[in-house]
1. Among 173, 93, 139, which is the only one that is part of a loop (DSSP other than H, G, I, E, B) and open to solvent by less than 20 Å² (accessible area, probe 1.4 Å)?
2. Taking the options 126, 110, 71, name whichever one is closer than 22 Å to residue 153 by Cα and not aliphatic (A, V, I, L, M).
3. Of the residues in the stretch 135-147, how many are over 17 Å from residue 121 (Cα atoms) and touching a residue at least 40 places away in the same chain (Cβ under 8 Å)?
4. Return a yes/no flag: does the stretch 60-76 have any residue that is surrounded by fewer than 16 Cβ atoms within 10 Å (Cβ to Cβ), aromatic (Phe, Trp, Tyr) and farther than 19 Å from residue 116 by Cα.
5. Please go through the stretch 60-88 and pick out each residue that is free of Cβ contacts under 8 Å to residues at least 12 places away in the same chain and not in a loop (DSSP other than H, G, I, E, B).
6. (1) at pLDDT 95 or above; (2) closer than 26 Å to residue 166 by Cβ: which one isn't true of residue 84, the others all being true?
7. Kindly provide the set of residues from the stretch 148-172 that are touching a residue at least 24 places away in the same chain (Cβ under 8 Å) and more than 20 Å from the chain's Cα centre (by Cα), ordered by number.
8. For the stretch 142-170, how many residues are part of a strand (DSSP E or B), open to solvent by 60 Å² or more (accessible area, probe 1.4 Å) and on the phi > 0 side of the Ramachandran plot?
Amino acid sequence: SSFYPGSGGRAMISMQGKDLVMEIRKLTSYTPAELNLVSGWMQAWWGEAGGYSPEQVRAYLLHAACENRIPQTYAAYHGGLLAGIYHIAMEDLFVRPDLYPWLCNVYVSPAHRGCGIGRALLQSVPGAMRSLGIERLHLYTTHESLYEKFGWTYAGPLHTFDQMQDLQRLYILQL
């Protein structure tokens with residue numbers, strides 16, 4: 001697949017001779033279907049393991065969709081369908097209140113993986129940072145050799161005290 005940045009948050013994904021329009025846009029509200037879809041993704045990914053009820057996950061999502069301040073939600077639409085999201089939030093790791101803001105909940109629907117959605121989402125992060133006046137962003141993950149491709153710097157190991165995976169990797173994106 002190839003990613004061709006366009007204007008207005010639009011991009012063209014070319015897969016095996018087929019062109020599909022993809023759009024990255026800031027979400028300030030969800031349709032009921034979008035909220036059901038994204039809350040299902042988040043509940044399965046971190047909600048259940050974290051002991052959060054579906055109602056708590058929905059509340060988080062609704063309150064993470066601000067217009068002009070953090071937290072913000074960005075979404076990828078692929079062929080008109082919601083295909084992935086990420087958040088920019090002030091807090092993502094309780095044990096590290098000294099680090100903020102964060103890139104978190106970078107997620108691509110299984111049905112849309114391998115189509116360049118994750119790449120397009122990550123390529124849109126610097127523009128989102130500029131629109132918020134952010135010069136430095138943090139994230140933690142277990143992924144290796146992924147975020148470096150998008151300008152992130154590995155800052156070292158990070159103890160999260162997560163029961164499933166305590167030791168993770170801290171990254172910083174500096175504009």
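1. Values: 173 fails: part of a loop (DSSP other than H, G, I, E, B); 139 fails: part of a loop (DSSP other than H, G, I, E, B).
Result: 93 is the single residue among 173, 93, 139 that is part of a loop (DSSP other than H, G, I, E, B) and open to solvent by less than 20 Å² (accessible area, probe 1.4 Å).
2. Numbers: 110 fails: closer than 22 Å to residue 153 by Cα; 71 fails: closer than 22 Å to residue 153 by Cα.
Going through 126, 110, 71 in turn, the sole match is 126.
3. Our first condition is that a residue be over 17 Å from residue 121 (Cα atoms); within the stretch 135-147, this holds for 135-136, 142, 144.
Subset that is touching a residue at least 40 places away in the same chain (Cβ under 8 Å): 135.
Total meeting the criteria: 1.
4. For the stretch 60-76, residues surrounded by fewer than 16 Cβ atoms within 10 Å (Cβ to Cβ), aromatic (Phe, Trp, Tyr) and farther than 19 Å from residue 116 by Cα: absent.
5. If the condition is that a residue be free of Cβ contacts under 8 Å to residues at least 12 places away in the same chain and not in a loop (DSSP other than H, G, I, E, B), then 63 is the only one that fits.
6. Of the numbered conditions (1) at pLDDT 95 or above; (2) closer than 26 Å to residue 166 by Cβ, the odd one out for residue 84 is (2).
7. 159, 161, 164
8. Of the residues in that region, 0 qualify.
The values are calculated or read from the model by the stated rules, or taken from the named source; none is laboratory data. Just so you know, these numbers come straight off a predicted model, no measurement behind them. A quick note on method: Cβ atoms are made from the backbone with ideal geometry, for glycine too, and the neighbour counts reach across all protein chains shown. With ligands, DNA and RNA removed, areas are computed over all heavy atoms of the protein, side chains included. Shrake-Rupley method; radii C 1.70, N 1.55, O 1.52, S 1.80 Å.
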